[in-house]
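Asks: Please see the structure below; I have some questions.
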Amino acid sequence: MVEELIDTGFNREPVHLRALDSSGGTVHIQVANSMLSPPNDHLGISFIQDVTPIREALDQQNRMVQAMDRVEDTVVLADSMGRIFYANAAALRNTGYALEEVLGRPLHIFI
């Protein structure tokens, strides 16, 4: 991370880290760095953002997907336009479709 910052003047991707907050709890932070002057001066700025709520939401979403994958009933989720964005293993097994065949397709293919 530091070598890339010195060589190029910025980090291509933000770095995700865990840190302790003032009460001793864990928070997830995202750090982005950029040099303010030519690399020889080593003067830069860092942007630090608490992404704990985003990380917690993603973790919860992953737990829900894992739970839906384990049920024996067909589970199919579609967006507000009726396009499928998720089908569990039971749905694929019961219909004979492959996941690639249903993603983005209209929900009515399962009816």
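The values are calculated or read from the model by the stated rules, or taken from the named source; none is laboratory data. What you are looking at is a predicted structure, and each value in this text was computed from that prediction instead of being measured. When we count neighbours, we look across all protein chains shown, and the Cβ atoms used for this are built from the backbone with ideal geometry, even at glycine.
Asks: Tell me yes or no: at least one residue of region 41-50 is over 25 Å from residue 17 (Cα atoms) and either part of a strand (DSSP E or B) or modelled with pLDDT under 95 (or both).
Replies: Yes: region 41-50 contains one or more residues that are over 25 Å from residue 17 (Cα atoms) and either part of a strand (DSSP E or B) or modelled with pLDDT under 95 (or both).
Asks: Of all residues in region 58-98, how many are in a helix (DSSP H, G or I), small (Gly, Ala, Ser) and exposed (fewer than 14 other Cβ atoms within 10 Å of the Cβ)? Give the steps one after another, and end with the answer.
Replies: From region 58-98, those in a helix (DSSP H, G or I) are 58-70, 89-95; that's our starting set.
If we keep only those that are small (Gly, Ala, Ser) as well, we get 67, 89-91.
Among the residues that remain, those that are also exposed (fewer than 14 other Cβ atoms within 10 Å of the Cβ) are: 67.
Total meeting the criteria: 1.
Asks: Taking only pairs six or more apart or across chains, which ones have beta-carbon atoms under 6 Å, a first residue in region 6-34 that is within 20 Å of residue 54 (Cβ to Cβ), and a second residue that is modelled with pLDDT of 80 or more and in a loop (DSSP other than H, G, I, E, B)?
Replies: That search, which allows pairs on different chains as well, returns 27/21; 28/51; 30/14; 30/51; 32/14.
Asks: In a loop (DSSP other than H, G, I, E, B) and in contact with a Gly (Cβ under 9 Å, 6 or more places away or on another chain): does that describe residue 22?
Replies: No, not satisfied.
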